[in-house]
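Undergrad: Take this structure first; my questions come after.
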Amino acid sequence: MKKILILLIVTASWAAQAQFTVGMNSGFSHLNQNREKSNEYLYTLSPNLMLGYRVADHLTVGITGGVSYTCSATRFNLPENPQVQPGEYPYDYHGKTKYRNDEMLIWDAGVYARYDIPLTGHLSLFAHLRAGYGYNYTRSITETFIYNPTTQKYQTRTSKQNGDNIISTLHVDLTPGVTYRFNSHLSADLYLNVLSLSYCHYTIISRKGGNNNVSYNTTSFGTQNYLSWIFMLDSYQLMTSPGQLSSFNVGVNYTF
């Protein structure tokens, strides 16, 4: 009985001193290019959730998961509702693309470890190590002008097509950052993704099946979100880790 009582006291003491942290952070980036005949833009959004436990004065470990969304689109400078004028060839805009949107959705989950280095009573530096696994899915949306002889007007036809491949990702990221603690419970983080070091293993899996899977290993420093501006999203093997799409992530944490 005495041993049980001592065990209960030790357990209660450990629970009283335990510090659990719930956090959320997200990055956002945007690129835009205006041309004479088209406007092109790219943006990304990558929210993440974390649940951690402080195992030492400056060390926290936990689990994390998130999604990332990337959109690369082109809008061509065509009239919204072209009218057929008397004597005009009725198929001037037939089959012309007015808008194309390539999307990528990424989900991943994993574990993390974070080490804090206090600078002042409120300000600290930290190193955030994260390992995760997930999948990337792609889709294309196209709007095209189609001439309807019955109404003698142009209509917009929208088509959606899933990408030919699914990309699995296994990644390890080391990201530095700065945190500001408002009080013993609430803090805010700035993740410096521009200084992150990442290792990624990608496997491109064909939706059509077969044994045509291709794997890539990449090591990168900083962010590489501009690559989706250059490469087709369905062949996005050079992309950095899902959580590193933006130059910075901003987050908030609550410690119990």
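Undergrad: So which residues in the stretch 106-141 are crowded, with 19+ Cβ neighbours inside 10 Å and more than 20 Å from LEU174 (Cα to Cα)?
TA: ASN136, THR138
Undergrad: How about the stretch 178-256: which strands (runs of 3 or more DSSP E) wholly inside it have at least 2 residues that are at pLDDT below 85, open to solvent by 10 Å² or more (accessible area, probe 1.4 Å) and farther than 18 Å from ASN165 by Cα? So that I can check it myself, show each step before the final result.
TA: Working: elements: 186-192, 197-206, 214-221, 248-255.
Of the strands (runs of 3 or more DSSP E) lying wholly inside the stretch 178-256, those with at least 2 residues that are at pLDDT below 85, open to solvent by 10 Å² or more (accessible area, probe 1.4 Å) and farther than 18 Å from ASN165 by Cα span 214-221.
Undergrad: Could you give every pair whose Cβ atoms fall below 6 Å, whose first residue belongs to the stretch 205-220 and is aliphatic (A, V, I, L, M), and whose second residue is assigned to a strand (DSSP E or B) and modelled with pLDDT of 80 or more, counting only separations of at least 6 or pairs across chains?
TA: ILE205/ILE166; VAL214/ILE204
Undergrad: Somewhere in the stretch 110-131, is a residue modelled with pLDDT under 90, over 21 Å from the mean Cα position of the chain (by Cα) and assigned to a strand (DSSP E or B)?
TA: Looking for residues that are modelled with pLDDT under 90, over 21 Å from the mean Cα position of the chain (by Cα) and assigned to a strand (DSSP E or B), one finds none in the stretch 110-131, hence no.
Undergrad: Further question: Could you please tell me which pairs satisfy a Cβ distance under 9 Å, a separation of 6+ or placement on different chains, a first residue in the stretch 63-86 that is over 20 Å from ARG157 (Cα atoms), and a second residue that is basic (Lys, Arg)?
TA: THR64/ARG130
Undergrad: Let me ask something else. May I ask you to list the residues in the stretch 21-59 that are under 14 Å from TYR254 (Cβ atoms), more than 13 Å from the chain's Cα centre (by Cα) and open to solvent by less than 40 Å² (accessible area, probe 1.4 Å)? Walk me through how you get there before you give the answer.
TA: As a first pass, look at the stretch 21-59 and keep what is under 14 Å from TYR254 (Cβ atoms): 21-25, 49-54.
Still in the running and more than 13 Å from the chain's Cα centre (by Cα): 21-24, 50-54.
Those that are under 14 Å from TYR254 (Cβ atoms), more than 13 Å from the chain's Cα centre (by Cα) and open to solvent by less than 40 Å² (accessible area, probe 1.4 Å): THR21, GLY23, MET50, GLY52.
The values are calculated or read from the model by the stated rules, or taken from the named source; none is laboratory data. Predicted model, so just to flag it, every value in this text is computed and none were measured. Neighbour counts are summed over all protein chains in view; Cβ atoms, including those assigned to glycine, are modelled from backbone coordinates with ideal geometry. All accessible areas refer to the heavy atoms of the entire protein, side chains included, with ligands and DNA or RNA removed. Shrake-Rupley method; radii C 1.70, N 1.55, O 1.52, S 1.80 Å.
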